[in-house]
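The values are calculated or read from the model by the stated rules, or taken from the named source; none is laboratory data. Remember, predicted model here, so these are calculated numbers, not experimental data. Note that we place each Cβ from the backbone using ideal geometry, even for glycine, and neighbour counts take in every protein chain shown.
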Amino acid sequence: MQQQVFGGQQQSARVVRPLWPALKRGFFCRCPNCGEGKLFRAFTKTFDNCQVCGEEFHHHRADDLPAYLVIVIVGHVVLGGFMGVEATSTLTTWQHLAIWAPLTVIMSLALLQPIKGAVVGLQWAYYMHGFGGEVDHIEGHPET
């Protein structure tokens, strides 16, 4: 069993979870633990637990990170594409709008669920937000 440092304390009881397989499984909307069970029951709503291995997902806290990552990725691709096309062609404003607006929406919707799955996989691999068995204490919430 490997030792790893978590939060400044050595935790020898925790097995190191592989990061890249967890990210890949999450990106493909599968359980980061077993890779078999489905991660999502709706577009961005996770199941409470994996139907195959029983791993709990209900406590994950992806929050706004997936949306921010989608904005960064789509923004760079669309802006780079727009600038490249603008530099090499003479399209009108309406033609650009007809190309780039739908592409932006389609790419954003296509990437949101896989990126959220990868964020959940990241949290699982690093024992974050309940995946390590501890309870998160959120400032301002007395019940936690």
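Structure notes:
- Filter result for Gly81 (at pLDDT 90 or above, in contact with a helix residue (DSSP H, G or I) (Cβ under 8 Å, 6 or more places away or on another chain), over 14 Å from Val119 (Cβ atoms) and not polar (S, T, N, Q)): yes
- Any hit, the stretch 94-117, residues being within 30 Å of Glu36 (Cα to Cα) and more than 19 Å from the chain's Cα centre (by Cα): no
- Test result for Val16, over 15 Å from the mean Cα position of the chain (by Cα) and within 20 Å of Val120 (Cα to Cα): yes
- Complete set of residues in the stretch 22-55 that are surrounded by 16 or more Cβ atoms within 10 Å (Cβ to Cβ) and either of a type in the set (Asp, Glu) or over 15 Å from Gln113 (Cβ atoms) (or both): Ala22, Asn33, Gly35, Gly37, Cys50, Glu55
- Residue within the stretch 100-111 that is farther than 26 Å from Ala42 by Cβ, surrounded by 12 or more Cβ atoms within 10 Å (Cβ to Cβ), without any contact (Cβ under 8 Å) to a residue 40 or more places away in the chain and not basic (Lys, Arg) present: yes
- For the stretch 58-78, the set of residues classified as within 13 Å of the chain's Cα centre (by Cα), modelled with pLDDT under 95 and either hydrophobic (A, V, I, L, M, F, W, C) or exposed (fewer than 15 other Cβ atoms within 10 Å of the Cβ) (or both) consists of Arg61, Ala62, Asp63, Asp64, Leu65, listed by residue number.
- Residue check for Ala87: assigned to a loop (DSSP other than H, G, I, E, B) and at negative phi: no
Listed here are the residues, each with its yes/no results for (1) in contact with a His (Cβ under 7 Å, 6 or more places away or on another chain); (2) at pLDDT below 95; (3) not in a loop (DSSP other than H, G, I, E, B).
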residue: Ile99; (1), (2), (3): no, no, yes
residue: Leu103; (1), (2), (3): no, no, yes
residue: Leu109; (1), (2), (3): no, no, yes
residue: Gly117; (1), (2), (3): no, no, yes
residue: Trp124; (1), (2), (3): no, yes, yes
residue: Met128; (1), (2), (3): no, yes, no
residue: Phe131; (1), (2), (3): no, yes, no
